[in-house]
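Structure first, then comments.
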């Protein structure tokens, strides 16, 4: 009875594989201590392929279906043919099941920033990440190029290489695209298509294909994003007076939510600083047009005086025509030469109209410095 039990153990009638994992690509059918029986049934399910390796060489690939292993051309060996070796054949035929379904939601991303030249911001560093879908398109090529003799090959073992291929070509394409950073979000589909077309030949060389490739996000460094947020907030704020009132109200609300401890004091202090900054910016003009901080003043260097105000220009009406423009110094000289009197009509940009020079407040000083006409000589 022992010999019959041993012989029954040497037979394998059904060869099949049911995948209960989500990441196994290749599974080697376990035959240690067993032989494949002549006439055994090979079941290959949908989404699978069976690869026969005989004497270390790829012999055949079976697509989904039911097969009877009974032809003389089948590379199947049984230890029952080798009694002289004690039921241990020196030749082995191995069966590998290859999962040909799609493996979805595989991740890729840039470990280091990509240096690009943006037309608006200049040199910038970009990061990106996304997902892709992978499947085995050529089981024979995949076995010979990638798997080898690995009896339990998972997606993690090939995903690292696929990510390297993606990131290499993505970096090249994004750096040479010339697309502004702020417009990349609206061009992710076009960029994904370019990357997909670029990496397809390299992936096909492994017997794989990527049915889908997606770019989920292209982001800037945290510091640049913070600067953009401030710039956006400035544009939304608009009216500085209303922004000041809003900041004060928000600070008081936070203070009321935390009346105890130092939280209220900190909120009040923050509100005061925010209001002071907003008022200072409001006095200096619209948000975004005020001058940059004076680093010389911060370092102790005296600030230069502001530029002098523009001197008004004056026009003179004589005989129905006008002359000018004249500076105030020129008018003063004309007064001394008696070419300009208090009754002369003058006008300058911004004035309501022509007026007598003696009635213009800005010209009172030049008339006060000129002596009156000398008295007539005594007879």
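Worth pointing out:
- Scan of segment 10-29 for residues that are surrounded by 12 or more Cβ atoms within 10 Å (Cβ to Cβ) and either at pLDDT below 80 or outside any loop (DSSP other than H, G, I, E, B) (or both), ordered by number: 10, 11, 12, 15, 24, 25, 26, 27, 28
- If you check 131, 188, 200 for being outside the structural domain of residue 26 (by TED's automatic domain parsing) and either free of Cβ contacts under 8 Å to residues at least 24 places away in the same chain or loosely packed, with under 15 Cβ neighbours inside 10 Å (or both), only one passes: 200.
- Some residue of segment 121-136 being modelled with pLDDT under 80, under 30 Å from residue 223 (Cα atoms) and under 15 Å from the mean Cα position of the chain (by Cα): yes
- One residue stands out in segment 93-120 among those that are touching a residue at least 40 places away in the same chain (Cβ under 8 Å) and in a loop (DSSP other than H, G, I, E, B): the one that is farthest from the chain's Cα centre (by Cα), namely 100.
- Qualifying residue in segment 155-173 (condition: at pLDDT below 90, outside the structural domain of residue 23 (by TED's automatic domain parsing) and farther than 26 Å from residue 107 by Cα): no
The values are calculated or read from the model by the stated rules, or taken from the named source; none is laboratory data. Predicted model only: the values in this text are computed from it and were never measured. Positions of Cβ are backbone-derived with ideal geometry, glycine not excepted, and every protein chain shown enters the neighbour counts.
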